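As structure tokens, the structure follows; a few thoughts come after it.
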Amino acid sequence: MEDTIQNERTVQAGFDQRVEYWCLRVLVTAMGVFPRPLARAAGATLGWIVYVLLGRLRRVGQKNLAMAFPEKSEAERAKILRGVYRSLGWQLAEFCRMQRYTAESAGKLIRYEGLENYLAARAKGKGVFVLTGHLGAWELSSFYHSLAGYPMSMVIRRLDNPLVDEFVNRIRSLHGNRVIHKDDFARGLLTAMHQGETVGILMDTNMTPPQGVFVPFFGVPACTASGLARVALKSEAAVLPGFLVWESAEKRYVLHFGPELELVRTGDAAENIMANTALFTATIESYVRRYPDQWLWVHRRWKTRPQGEGGIY
């Protein structure tokens, strides 16, 4: 069924989408053959160009940072935002090179911290949810984990261009990873948990009710997906944070796995969902605070507002 949907979308791709696809193929091929330092430098340069040219995104980032870090100076927030574009450029370079990575070569560029937390959670046999977000090199995170012998599923939104969507997902899945699209969210997650699998969920994007509930993120109510809390409570799967971030002191990426989170379980289902969604969001925030120049501040995270409250952007 999934393949049929993808094939139908691919056949229906328009001229503009095919041009976009081939531009991406050329970029990935070109940067993929660059030596890694050159590829990362090229990615950082592209990030800087986007920072300069796309003022709308830059203004979103400035607004978000002003809300999240009112105590910081404008110069400090501007430095963080420039770092975000550099981080995105580096991730682009890594994505272009991912097809060439082996477990041995990637192991020289990335190390684990807290792998024992993941292994202990997996050993329980009830499935593992890796709570993550658009921080650091999130595309490389699951890819490296599969290279190391731990393939997992990823919950993603279909890209608007079906050719690009198919191309990107093929690279993501080269070493056993599997894609679960958001339109098959609940069924896909429950099936994966019943089979004791691992699923990574990016849980730091704006949502709308009823799929989302309002919980604090940097002290501001943010409409946040509640599906993970619902499925985790029902399946009794383990939930633990996992983020691949650039550690500047080491000049390499580190895949951090935190301890399993203790879920809130009371007699009230709605209260449990709200409390655990808040817990997951606070956990993501704690990592973003540690690595603020690696989070996707240009996303309109607080776009959906509580009833009666005016828009932020």
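Observations
- Placing +1 on the Cβ of every Lys and Arg and -1 on the Cβ of every Asp and Glu, with no other charges, gives the chain a dipole of roughly 760 debye about its Cα centre.
- With all protein chains kept in place, the per residue accessible area of the chain amounts to 48 square angstrom at a probe of 1.4 angstrom.
- All Cα pairs of segment 249-297, percent lying beyond 16 Å: 55 percent
- Ratio Rg/Rh, restricted to segment 167-241 and using Cα atoms, in which Rh is the Kirkwood radius: 1.00
- Pairs of alpha carbons in segment 198-304 whose separation is greater than 22 Å (percent): 33 percent
- When peptides 256-262, 62-68 are ranked by their average number of other Cβ atoms within 10 Å per residue, the highest-first order is 62-68, 256-262.
- Accessible surface comparison of CYS223, CYS23, probe 1.4 Å, protein chains only, largest first: the order is CYS23, CYS223.
- In segment 176-226, the portion of solvent-accessible area held by carbon and sulfur atoms comes to 60 percent [1.4 Å probe, whole percent, DNA, RNA and ligands not counted].
- Kirkwood estimate for the chain, i.e. one over the average of 1/r between Cα atoms, Å: 20.4 Å
- GluC sites (Glu not before Pro) restricted to segment 17-89 and DSSP loop, no more than 13 other C-beta within 10 Å: GLU71
- Using the empirical formula 2.2 N^0.38 Å as the baseline, the Cα radius of gyration of segment 113-228 reaches a ratio of 1.10.
- For the chain, with +1 on Lys and Arg beta carbons and -1 on Asp and Glu, the positive-most of LEU54, GLY149, VAL239 along the dipole: LEU54
- Stretched out straight at 0.36 nm per residue, the stretch from GLU116 to ARG289 would grow longer than its current Cα-Cα span by 59.9 nm.
- At most 15 other Cβ within 10 Å, DSSP loop - trypsin sites (Lys or Arg not before Pro), segment 239-299: LYS251, ARG265
- Estimated 222 nm signal from helices in the chain, with DSSP H stretches of n ≥ 4 weighted -39500 (n - 2.57), rounded to 500: -16500 deg cm²/dmol
- P(r) tail fraction, segment 55-150 - alpha-carbon pairs more than 17 Å apart, %: 63 percent
- When the surface is traced with a 1.4 Å probe over the full set of protein chains, GLU197 keeps roughly 50 Å² accessible.
- Trypsin sites (Lys or Arg not before Pro) within segment 165-204, DSSP loop, no more than 14 other Cβ atoms inside 10 Å: none
- Residues whose amide H falls under 5 Å from that of MET154, counting only those 5 or more places apart or on a different chain, are ARG178, VAL179, ILE180, GLY200, with hydrogens built in the peptide plane.
- Most tightly packed first, judged by the mean number of other beta-carbon atoms within 10 Å of their residues, the peptides 131-143, 90-102, 43-55 read 131-143, 90-102, 43-55.
- Antiparallel bridges, percent of DSSP beta bridges restricted to the chain (to nearest 5): 40 percent
- Percent RCO, i.e. relative contact order, over the chain, from Cα pairs under 8 Å lying at least 6 residues apart: 23 percent
- Rg over Rh [alpha-carbon atoms, Kirkwood Rh] for segment 36-98: 1.06
The values are calculated or read from the model by the stated rules, or taken from the named source; none is laboratory data. Predicted model, so just to flag it, every value in this text is computed and none were measured. With ideal geometry, Cβ positions are generated from the backbone for all residues, glycine too; neighbour counts draw on all protein chains shown. Accessible surface areas use protein heavy atoms only, side chains included; no ligands, DNA or RNA. Shrake-Rupley method; radii C 1.70, N 1.55, O 1.52, S 1.80 Å.
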